[in-house]
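A.B. asks: The structure under discussion is supplied below as structure tokens; questions concerning it will follow.
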Amino acid sequence: MLYRWHALIPDAVMWSGQARPVGETFMNNALLIDDGLLSAFSNISATQAAELGPCNTAEPLLHIEVASIEQDRHCALASFSDYCDYMSQRRPANFEAISSDPSIAGALRDFYGSPRDVDFHVGLFCEDRVPNSPLPNLVLKFVALDAFSQALTNPLLSRHVFKRSTFSGPGWRAINRTGTLRDVVDRNVDGGVGNAFIGMTRWEWQPE
């Protein structure tokens with residue numbers, strides 16, 4: 001439930017200089033086969049992500065959102081309010097505490113009646129985004145918990161495992177020469193990436 005970020009996918013993606021409706025790209029391997037790996041990464045890097053939040057999912061993906069809510073209820077998950085409490089966050093006292101958008105708060109009020117009854121999946125993505133973050137508050141808390149309890153405990157991060165003898169000489173050199181997604185693509189396409197922009201930010205973005 002936590003990682004169903006379909007709202008980030010825009011209605012159209014740039015491909016070979018034209019905007020293609022996102023529905024045309026699903027299971028369409030011809031786009032990759034015909035244009036190649038470099039073109040694919042370059043096109044996707046030039047496509048700006050949408051905003052994670054309610055009422056922003058591309059129409060071809062709406063059925064997945066519906067299925068997510070149905071799965072939430074079928075598995076009898078605790079409510080959004082209960083999960084806030086579980087993560088040591090304040091339970092929402094009203095619908096405005098979930099969303100500052102009056103239309104979203106109003107829709108939640110009309111459907112649920114009480115903020116304590118909001119489905120977990122619905123609350124996750126109706127909640128306001130944290131300032132300077134693409135994620136809502138509870139999603140952000142869970143992602144951080146996952147990182148510290150799962151990703152950072154990966155055995156590969158152990159000093160006893162993460163060393164040259166584990167990966168071989170060529171493997172260790174490749175690891176130490178790799179710092180970005182662009183580096184990975186560069187060594188996997190004929191002739192390298194050249195001047196193509198490959199990244200997960202806007203091309204003009206610079207860290208402060």
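The values are calculated or read from the model by the stated rules, or taken from the named source; none is laboratory data. On a predicted model such as this, the values are computed, not experimentally measured, just so you know. As a convention, Cβ positions derive from the backbone with ideal geometry for all residues, glycine included, and neighbour counts pool all protein chains shown. The accessibility values were calculated without ligands, DNA or RNA, using every heavy atom of the protein model including side chains. Shrake-Rupley method; radii C 1.70, N 1.55, O 1.52, S 1.80 Å.
A.B. asks: Quote to one decimal, in nm, the extra length available between VAL130 and TYR3 on full extension: 0.36 nm per residue of separation minus the C-alpha distance between them.
C.D. replies: 44.1 nm
A.B. asks: Classify region 139-208 from the C-alpha gyration tensor, please: rounded if a/c falls under 1.5, else prolate or oblate depending on whether a/b exceeds b/c.
C.D. replies: oblate
A.B. asks: Now, a different point. How large, in percent, is the carbon and sulfur part of the accessible surface of the chain at a probe radius of 1.4 Å?
C.D. replies: Exposed carbon and sulfur together represent 55 percent of the surface.
A.B. asks: Here's something else I'd like to know. Looking at region 147-208, which trypsin sites (Lys or Arg not before Pro) are in a loop (DSSP not H, G, I, E or B) and have at most 16 other Cβ atoms within 10 Å?
C.D. replies: Passing both the DSSP loop test and the Cβ count: ARG159, LYS163, ARG177, ARG187, ARG202.
A.B. asks: Take GLU51, project a point 7 Å from its Cα along the Cβ direction, then tell me which residues of region 126-141 have their backbone nitrogen under 18 Å from it.
C.D. replies: Only 126-140 pass the distance filter.
A.B. asks: Can you list the trypsin sites (Lys or Arg not before Pro) in region 47-147 that are in a DSSP coil and have 16 or fewer other beta carbons within 10 angstrom?
C.D. replies: ARG90
A.B. asks: Same structure, new question: Taking a 1.4 Å probe, which of CYS55, CYS84 shows the most accessible area, and what order do the others take after it?
C.D. replies: Accessible-area ranking of CYS55, CYS84, largest first: CYS55, CYS84.
A.B. asks: Residues of the chain: accessible area per residue at 1.4 Å, in Å²?
C.D. replies: Accessible area per residue: 65 Å².
A.B. asks: Scanning the chain for chymotrypsin sites (Phe, Trp or Tyr not before Pro) in DSSP loops with at most 12 other Cβ atoms within 10 Å, what's the longest stretch left with none?
C.D. replies: Value returned for the longest uninterrupted segment is 27-202.
A.B. asks: Once Lys and Arg get +1 and Asp and Glu get -1 on their Cβ, which of LEU140, GLY192, ALA174 lies farthest toward the positive end of the dipole of region 101-208?
C.D. replies: ALA174
A.B. asks: Could you state how much accessible area HIS6 has, in square angstrom rounded to the nearest 10, with a 1.4 Å probe and all protein chains kept in place?
C.D. replies: About 30 Å², ignoring ligands and nucleic acids.
A.B. asks: If you don't mind, there's one more thing I want to ask. Under the rule of -39500 (n - 2.57) per DSSP H run of 4 or more residues, summed and divided by the residues of the chain, what mean residue ellipticity at 222 nm is obtained, to the nearest 500 deg cm²/dmol?
C.D. replies: The helix-only estimate for the chain comes to -11500 deg cm²/dmol at 222 nm.
A.B. asks: If amide hydrogens are placed 1.01 Å from N in the peptide plane, which non-local residues have theirs closer than 5 Å to the one on ALA12?
C.D. replies: So ALA12 has HN proximity to VAL22.
A.B. asks: By its C-alpha gyration tensor, with a ≥ b ≥ c as the square roots of the eigenvalues, how is region 55-123 shaped: rounded for a/c under 1.5, else prolate for a/b larger than b/c, else oblate?
C.D. replies: Cα axes put region 55-123 in the oblate bin.
A.B. asks: With only Lys, Arg, Asp and Glu charged, each at its Cβ (+1 for the first two, -1 for the last two), find how big the charge dipole of region 37-111 is about the Cα centre; round to the nearest 20 debye.
C.D. replies: The calculation lands at about 140 debye.
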